[in-house]
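A.B. asks: Take a look at the following structure, please.
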Amino acid sequence: MHTTEDLDELMTCRLDHHRRQVESAVIVIFGASGDLTSRKLIPALYQLYAAGQMPPDFRVIGFARREKTDASWRAELREAMDRFSRTGPVDETAFAGFAERIHYCQGDLADPLAYQRLSERIGGMPVPELRHNRLFYLATQPSQFGLIADQLHRANLLERDPAEGWHRLVVEKPFGRDLASARDLNHELTLHAHEHQVYRIDHYLGKETVQNILMFRFSNAIFERLWHRDAVDHVQVTVSEKLGVGGRGGYYEEAGALRDMMQNHLLQVLALIAMEPPVALDAEPIRDEKVKLLSSVRRPTPDQVSRQTVRGQYTAGTVAGQPIPDYRSEDKVAPSSDTETFVALKLFIDNWRWSGVPFYLRTGKALPVSASEVRVQFKQPPNVLFAAQCGPRLDANSLTLRLQPNEGITLHFNGKIPGTGIGLRPVRMHFSYDSEFGAYTPEAYERLLLDALSGDATLFIRRDEVEQAWEIVDAIRAGWDDQPMPPDSFYPAGSWGPEPAHEMLARTGHAWREPQTLR
Ligand code: BG6
């Protein structure tokens, strides 16, 4: 007789056997003095090292303008680890081993001599793999990407078809600010590298639960059968954040919620939720399907933009007891700024599966909770049996994929209220990652760095995906751009966004569902 645990073990299927091996390599971080390096990249690399997941040999070289030595940079990073370590206090022995592999190369991004020094450092590495396998992580302003790729090429550090080893570029968002600039950027990046050498990061794809969307959809027969216009009434995607823009006002003024969150994170989640099954679980087939899906998203006309999109901007308010100032009075924000800190969209996907099904997407800053979730709302049951007792409508079934925090999946259905009478109320069946698998979920950057080192591009964005997403966003901006933010766009911090976002759904009898608080 097998116990339930035995059976779970027997039925466990690991899919990563075909994952390529993580080879020894040198990782060069451009923009090494920046926030991303100390907050995300170094803690992720350290964590991988401490967990024994880094390749047999590796080196990290930080490249930036400020004068530093290897020793002073290591000390600085050690200090930063106290603030940003994900797993509590740093293990000093492990960090010492990690720090020995960290170096610093001072230089200006435009100075060929600096790349010469970098080349000498790489050339002097003790093991051939460290000299030949190169991961260049561009954590700089996108306006510098082209320059860095060009300089690396001139210094013979970046080649399209290296005689030995591999050369890869990892780039951070934003990939442009519209379709035209994204195309220019893609062109610059691929002047000296093949597309398959470019790894565009969207950290949402590194999140465990976002990856689970595909596993959930395509390894369970019951739900995928319902994943269709015949059974689904509409889909809601909410990515809400409690914080305002804080110290990022300068960047945010240029971006706004549509570019900062919708163009990348939410459209990626939409693609995973709605795409067709890929022919294989590999990078190209999966990305092919995402591109197909994004290209089927209807580009709204300016007239549709006015009815199917809502932008908002927060005013002073309180979130979880903390005061948040007016967006327009945040640091580096123009006093009459029209930048949106909230956006809600009603999108349609013009393909066979989803024709006529609305997809509602919303994201915003200074909202009541920080949570990301997808809710698939199924069609109303025919109300023939319960009308007298339950009124005209029963709550329809829905399935919620909670992406963060308290990751999990909940099925909502109606159940009888115990007792002698006949009464129904919505009840929930809940799966929690935490209780099923324990608390550990790797940070997105850990997974993504490891994938880039092993040459697995599945969780990175391909050029055509970026361009499709910009086409959607550009169509929306075209409908907004010549008009100032409407007076009813303002929402007090701590509320669920401006009124028109609710009205947009109410027009078709729908309503936003607040993210769940379940554990
Ligand atoms: C970033 C945006 O890409 O994602 C930020 O630039 C946003 O504005 C962040 O706060 C949200 O990421 P997460 O992982 O905290 O949901």
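The values are calculated or read from the model by the stated rules, or taken from the named source; none is laboratory data. All figures in this text were calculated on a predicted structure; none of them were measured in a lab. FYI the Cβ positions are ideal-geometry reconstructions off the backbone, even for glycines, and counts take in every protein chain you see. Just so you know, the surface numbers come from the protein's heavy atoms only, side chains and all, with ligands and any DNA or RNA stripped out. Shrake-Rupley method; radii C 1.70, N 1.55, O 1.52, S 1.80 Å.
A.B. asks: Could you give P(r) for the range 266-328, binned at 10 Å from zero, as whole percent values over all Cα-Cα pairs?
C.D. replies: 18, 26, 22, 23, 11, 0
A.B. asks: Efficiency by 1/(1 + (r/R0)^6): what FRET value for GLU471 and ASP303, r their Cβ-Cβ distance, R0 = 25 Å, to the nearest 0.05?
C.D. replies: Working: r = 18 Å, r/R0 = 0.71.
Taking R0 as 25 Å, the efficiency between GLU471 and ASP303 is 0.90.
A.B. asks: Per residue, how many Å² of accessible area does the range 383-503 show with a 1.4 Å probe?
C.D. replies: That works out to 47 Å² for each residue.
A.B. asks: Further question on the same structure: Any chance you could list P(r) for the range 208-284, counting all Cα-Cα pairs in 10 angstrom bins from zero, rounded to whole %?
C.D. replies: Reading upward from the zero bin: 14, 39, 27, 15, 5.
A.B. asks: Would you mind telling me the share, in percent, of accessible area of the range 319-368 contributed by carbon and sulfur at probe 1.4 angstrom?
C.D. replies: Details: 1040 of 1900 Å².
Carbon and sulfur atoms account for 55 percent of the accessible area of the range 319-368.
A.B. asks: Largest first and in whole Å, what are the equivalent-ellipsoid semi-axes of the range 176-322 based on the Cα gyration tensor, each being the root of 5 times an eigenvalue?
C.D. replies: On the way: eigenvalues 155, 114, 60 Å².
They are 28, 24, 17 Å, listed from largest to smallest.
A.B. asks: Accessible area of the range 43-104 with a 1.4 Å probe: how many percent of it is carbon plus sulfur?
C.D. replies: 49 percent
A.B. asks: Over what distance in Å are the Cα centres of the range 204-277 and the range 477-519 separated?
C.D. replies: 17 Å
A.B. asks: Quick one: how many lysine pairs in the chain have C-alpha atoms under 22 angstrom apart, if they're 8 or more apart or on different chains?
C.D. replies: 22
A.B. asks: Please report, for the Cα atoms of the chain, the Rg to one decimal and the Dmax as a whole number; what are they, in angstrom?
C.D. replies: Cα only, the chain: 24.5, 85 Å (Rg, Dmax).
A.B. asks: Can you give me the C-alpha center-to-center distance between the range 338-383 and the range 427-467, rounded to a whole angstrom?
C.D. replies: Centre-to-centre distance over Cα atoms comes out at 22 Å.
A.B. asks: Sort 501-510, 102-111 for me by packing, meaning the mean count of neighbouring Cβ atoms within 10 Å per residue, highest on top.
C.D. replies: Values: 501-510: 15.2, 102-111: 17.8.
Descending mean neighbour count gives 102-111, 501-510.
A.B. asks: Kindly rank 486-492, 256-262, 224-230 from highest to lowest mean number of other beta carbons found within 10 Å of each residue. Each step should come with its number before you reach the end.
C.D. replies: Values: 486-492: 15.6, 256-262: 23.4, 224-230: 13.1.
The most tightly packed comes first, giving 256-262, 486-492, 224-230.
A.B. asks: Quickly estimate the mean residue ellipticity at 222 nm for the chain, helices only: each DSSP H run with n ≥ 4 gives -39500 (n - 2.57), and the total goes over all residues, rounded to 500.
C.D. replies: On the way: 19 runs with 177 residues, N = 519.
Dividing the helical sum by the residues of the chain leaves -10000 deg cm²/dmol.
A.B. asks: Then there's this: Taking a ≥ b ≥ c as the square roots of the Cα gyration tensor eigenvalues, with a/c under 1.5 meaning rounded and otherwise prolate when a/b beats b/c, else oblate, which class fits the range 69-194?
C.D. replies: Working: a/c = 2.07, a/b = 1.39, b/c = 1.49.
In terms of gyration-tensor shape, oblate.
A.B. asks: Can you tell me which of 76-86, 22-32, 42-52 comes out highest on packing, and rank the rest after it, using the mean Cβ neighbours within 10 Å? Each step should come with its number before you reach the end.
C.D. replies: Numbers: 76-86: 15.5, 22-32: 23.9, 42-52: 20.5.
With the highest mean Cβ count within 10 Å placed first, the list reads 22-32, 42-52, 76-86.
A.B. asks: Continuing with the same structure: About its Cα centre, how strong a charge dipole does the range 1-151 have in debye, to the nearest 20, once Lys and Arg get +1 and Asp and Glu get -1 at the Cβ?
C.D. replies: 520 debye
A.B. asks: With a 1.4 Å probe and all protein chains left in place, how much of the accessible area of the range 217-301 comes from carbon and sulfur atoms, in whole percent?
C.D. replies: Numbers: 1760 of 3140 Å².
Here it works out to 56 percent.
A.B. asks: Assigning unit charges at the beta carbon (Lys, Arg +1; Asp, Glu -1) and nothing else, what dipole magnitude in debye, to the nearest 20, does the chain show about its Cα centre? Provide the component values of the computation, followed by the final result.
C.D. replies: On the way: 59 positive and 70 negative charges, 196 e Å.
Taking the Cα centre of the chain as origin, the dipole is about 940 debye.
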